[in-house]
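Presented below is the structure to which this report refers.
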Amino acid sequence: LWLTDLHDVLFNAFHDLHSIFTNYCKSIAGAENARDAELMNMHEWLVFVRDCKIASKSFNRGLAENVFITATSHNRAKQLDDADRQMAFYEFVEGICRCAYLRENYSSLKKI
């Protein structure tokens, strides 16, 4: 089953993914406190997407922004403006999975 394979890949890459996440949280503006070092904003997410060459002809910046918004929309009592959203590590992992799925399937999804 593909879900088991996905779990195994993410489980084995957990420490590397967390290191990448914290690096991008700190690298853009410099984390001023521990909380800032554990949350990623939209700009940091888009820099990550660019640096890792996730964006493509079919998976553009707009889709990357939508992935960020979707991944950070769970369990929120009030809806935040896009500029105020912050991504936690578990949302980052979700975002990576969403990007992979959309990159692979976006052209066929547009036809539906």
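The values are calculated or read from the model by the stated rules, or taken from the named source; none is laboratory data. Model, not experiment: these values are computed from the prediction. So basically every Cβ, Gly included, is an ideal-geometry build from the backbone, and we count neighbours across all protein chains shown.
If you scan the range 1-38, which residues turn out to be modelled with pLDDT of 85 or more and in a loop (DSSP other than H, G, I, E, B)? Across the range 1-38, the qualifying residue is only Ala13. Cβ-Cβ distances below 8 Å connect the following pairs, each with a first residue in the range 84-112 that is farther than 20 Å from Ser58 by Cβ, a second residue that is among the small types (Gly, Ala, Ser) and modelled with pLDDT of 85 or more, and a separation of six or more residues or different chains: Met87/Ala71; Met87/Gly95; Glu91/Ala71; Phe92/Ala71; Glu94/Ala71.
Does Asn41 meet the test of being of a type in the set (S, T, N, Q) and modelled with pLDDT under 90?
Working: of a type in the set (S, T, N, Q): yes; modelled with pLDDT under 90: no.
No; evaluated as a whole, the condition is false for this residue.
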